[in-house]
Amino acid sequence: MRVDKVTHSEITSVPDDLDNLSVVLVGTRHPGNIGSAARAMKNMGIRNLILVDPQTALTEETWRLAGKASDVLERIQIFRTLDDAVHSINLLVAATSARERRLSQTVLSPRQAAAEIRPLLKAGRVALLFGSERSGLSDELLARCQILISIPAASSHPVLNLSQAILICCYEISLSEAKNHKAVPNSVSQGEREELYQQIQEALIQIGFLNSTNPQPIMKAIRSFWGGTGMTQRDLRILRGIMSHMDWYVREGYLLGPEAVRK
């Protein structure tokens, strides 16, 4: 059996584009998990750690388990809501066990996901999203993500701890051959996506397509087929233009008659 040798430089070199990758922890409850997450990230050359609505402060245990990744802890960003945390992020990726869930998105392995994530790091910012230790990420938050990752594990014991999951996902992304991928230009941010979905929801309520008291089931489906990784600024302008024209037509355009409106 042939065994390929890996040089020390291949292991220790960290590409610049990994600076565009962030790990986002939502609702973390145990202070030690934050420290272990920081250590796992630094092992793979990733330094950007974001906490959303943490249920614990950074404690002595946090710093102890971080080890030599104290610099990751020192630059932590903390936000109250996910909207605030990922407003300028271009690609949102969620890690989920995918057990007993009905998900509309395709669920990828870490290696499959890394092949899609790595080229986007050249042109924009990517966030890896991990849920709380107790319940993971809600279906609502998963629906907001463009890529879902599930780590294959033995059926007898499929649940990984937080730092293990982070290490595996970050390892695959750092290992992926960025030089073989082309950058994806003009990708939209999560803030721009959310503004689009809000505009779509309002327009579809106005024309009677959505139930105004419960629009989320249909909006979840709309997110799934318009929520892919390839949406560009041009796509965004076209979709928002369509919604704006629908809004105009409902308010006043219909009064002009079909012949006056038709181009």
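The values are calculated or read from the model by the stated rules, or taken from the named source; none is laboratory data. Small disclaimer: the values here were computed from a predicted structure and weren't measured. Backbone-built Cβ (ideal geometry, glycine too); neighbour counts: all protein chains shown.
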- Task: Among what's in segment 53-79 and is in contact with a strand residue (DSSP E or B) (Cβ under 7 Å, 6 or more places away or on another chain) and either among the β-branched types (Val, Ile, Thr) or assigned to a helix (DSSP H, G or I) (or both), pick the residue that is surrounded by the fewest Cβ atoms within 10 Å (Cβ to Cβ).
- Result: Ile78
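Among the residues of segment 220-237, is there at least one that is among the hydroxyl-bearing types (Ser, Thr, Tyr), assigned to a loop (DSSP other than H, G, I, E, B) and without any contact (Cβ under 8 Å) to a residue 40 or more places away in the chain? Give the derivation first.
Here is the first cut: in segment 220-237, the residues among the hydroxyl-bearing types (Ser, Thr, Tyr) are 224, 229, 232.
From the residues that got through so far, the ones that are assigned to a loop (DSSP other than H, G, I, E, B) too are 229.
Now restrict to residues that are without any contact (Cβ under 8 Å) to a residue 40 or more places away in the chain: none.
So far as segment 220-237 goes, no, none of its residues is among the hydroxyl-bearing types (Ser, Thr, Tyr), assigned to a loop (DSSP other than H, G, I, E, B) and without any contact (Cβ under 8 Å) to a residue 40 or more places away in the chain.
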- segment 144-161, residues that are crowded, with 21+ Cβ neighbours inside 10 Å and more than 25 Å from Pro31 (Cα to Cα): Arg144, Cys145, Gln146, Ile147, Leu148
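Tally up the residues in segment 239-263 that are outside any loop (DSSP other than H, G, I, E, B) and either surrounded by fewer than 10 Cβ atoms within 10 Å (Cβ to Cβ) or touching a His at 6+ places or on another chain (Cβ under 7 Å) (or both), please.
Our first condition is that a residue be outside any loop (DSSP other than H, G, I, E, B); within segment 239-263, this holds for 239-251, 253-256, 258-261.
Filter once more, keeping what is either surrounded by fewer than 10 Cβ atoms within 10 Å (Cβ to Cβ) or touching a His at 6+ places or on another chain (Cβ under 7 Å) (or both): 255, 258-260.
Total satisfying the criteria: 4.
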- Task: Spot the failing condition for Gln164; the list is (1) farther than 16 Å from Arg29 by Cα; (2) at pLDDT below 90, and only one is missed.
- Result: (2)
